[in-house]
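Following: one structure in structure tokens, then a few remarks.
Coordinate-derived values only; no laboratory data. It should be emphasised that the depicted structure is a prediction, and the values quoted were computed from it without experimental measurement. Note that each Cβ is placed from the backbone with ideal geometry, even for glycine, and that neighbours are counted across all protein chains shown.
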Amino acid sequence: MKKRARRIGWLLLILFLVVNAVCFMHAWKFTHFADASTEKTSAYNLSVFDKIKALALGVDQPRPVHKITPTVPYEKVYIQSNKKIAGWYMPVEKSKGTIILFHGYGGEKSSMLDKAAIFAEMGYHTLVIDFMGSGESAGNQTTIGFKEGKQVQSAYEYIQQKEEKNIYLFGTSMGAAAILKCMNDTALTPKGIILECPFGSLYQTTSARFKKMGIPAFPMAGLLVFWGGIQNGFWGFAHQPQQYAKAVKSPVLLFYGEKDDRVSRAETDRIYTSLNGPKELITFPEAGHENYLIRYKQEWTRAVTDFINQTP
């Protein structure tokens, strides 16, 4: 009986170590981009065997790099933050203010050019930013919005140094989460904030990715959040944009796609409820976790125009 109990104990210990080793590898690859030449693999379209292999070893995420550049005059800028970050500053004549745009996970600054163009037509300077690990910014690391919050602050202060008074923040997905983290950690007072599909917490967005692959979230999602935080120097379970939102008093326009399979409506509602300033929630019935301009360009443009025009 004692031998059997000992064997079971050893098996459980080995299983515990193996599962943690798997999650350690997966967390590292999720938060550290590979070389840009690495072929990108979608874990959601893999066979059962390849899903098991991906779960065991992690999926290489190639470093995001821009494939297009602005078609309007622009200035390359480099801003010192917790990592050196790069951006493109695109001025317009007779500007009404400046809008700073922040991309999502796996994106880079060129992915924001279509929205920057709309803001330029409205009469605003724009600054599109590469978070650390992406585009022309330093490093290969991402913290899914946690340390990126400091980079939002640095970009804001860079524009402040130009004596700009009317500064707006725009972020999509991870970029939106980073804005909320920044607002939680600082006393910045942007004129307005536009957020697209921010996740409620790192644990929730990690769980959603497992579920999308058809794999149970427990216990892997929790271990992934734990090891990802440890590897990157923060407590992953405390990374909760739904809590950061309580610090926001600036006017907020929040967008959500009703067919989003990475961020739930419940997460969106918690963020919206937590916001402590003027706010508006607009949802798009057929949109998922995607660029809303693809299906709803007219509606999106009208909403941001009305929001900015009504901002005191």
query: Which whole-Hz couplings ³J(HN,Hα) result when phi for each residue of region 84-95 is put into the Karplus expression 6.51 cos²θ - 1.76 cosθ + 1.60, θ = phi - 60°, listed in order with x for Gly and Pro?
result: 6, 10, 10, x, 10, 9, 10, x, 10, 7, 6, 5
query: Under a plain spin-label model, where a point goes 7 Å from the Cα along Cα-to-Cβ, how far apart in nm are A56 and A266?
result: 3.4
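Applying 1/(1 + (r/R0)^6) with R0 = 25 Å to the Cβ-Cβ distance of Q161 and N184, what FRET efficiency is obtained, to the nearest 0.05? Please list the in-between numbers first.
Working: r = 23 Å, r/R0 = 0.92.
With a Förster radius of 25 Å, E is 0.60.
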Computed over the chain: relative contact order in percent, which uses C-alpha pairs under 8 Å that are six or more apart: 14
- prompt: How large are Rg and Dmax for region 161-312 when only the alpha carbon atoms are used, in Å?
  reply: 16.0, 51
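Mind checking the full-extension length gain between V18 and Y78? Use 0.36 nm per residue of separation minus the Cα-Cα distance, one decimal, nm. Please list the in-between numbers first.
Working: separation 60, 0.36 × 60 = 21.60 nm, distance 4.21 nm.
This chain segment gains 17.4 nm when fully extended.
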statement: Rounded to the nearest 10, the angle in degrees between the Cα long axis of helix 293-310 and the longest principal axis of the Cα atoms of the chain comes to 50
query: Where the centre of each part is set by its Cα atoms, how far does region 263-302 sit from region 123-158, in angstrom?
result: 22
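Hey, fewest Cβ within 10 Å first, where do H289, H239 land in order? Could the numbers behind the result be given before it?
Numbers: H289 20, H239 24.
If I rank by nearby Cβ atoms, fewest first, I get H289, H239.
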field: Helix axis angle, 148-160 relative to the chain longest principal axis, alpha carbon, degrees
entry: 10
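Counting other beta carbons within 10 Å of each Cβ, put L223, L17 in order, fewest first. Please list the in-between numbers first.
On the way: L223 18, L17 10.
Going from least to most buried by this count: L17, L223.
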- line: So the angle from the long Cα axis of helix 220-232 to the longest Cα principal axis of the chain, reported in degrees to the nearest 10, equals 60
- prompt: Fewest first, what order do Y256, Y272, Y203 take by the number of other Cβ atoms within 10 Å?
  reply: Y272, Y203, Y256
- request: Extending each Cα 7 Å along its Cβ direction at T283 and R6, get the distance between those two points in nm, one decimal.
  value: 5.9
statement: For the chain, the Cα gyration tensor yields equivalent-ellipsoid semi-axes (√(5λ), largest first, whole Å) of 37, 20, 18
message: Based only on Cα atoms, what mean projected area does the convex hull of region 85-173 have, in nm²?
response: 5.2
- prompt: So who's got an amide H within less than 5 Å of the one on F102, skipping anything under 5 residues away but keeping other chains? H placed 1.01 Å off N, in plane.
  reply: F170, G171, T172
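So what is the calculated 222 nm ellipticity per residue for the chain, using -39500 (n - 2.57) for each DSSP H run with n of 4 or more, over all residues, to the nearest 500 deg cm²/dmol?
Working: 10 runs with 130 residues, N = 312.
Value at 222 nm, helices only, nearest 500: -13000 deg cm²/dmol.
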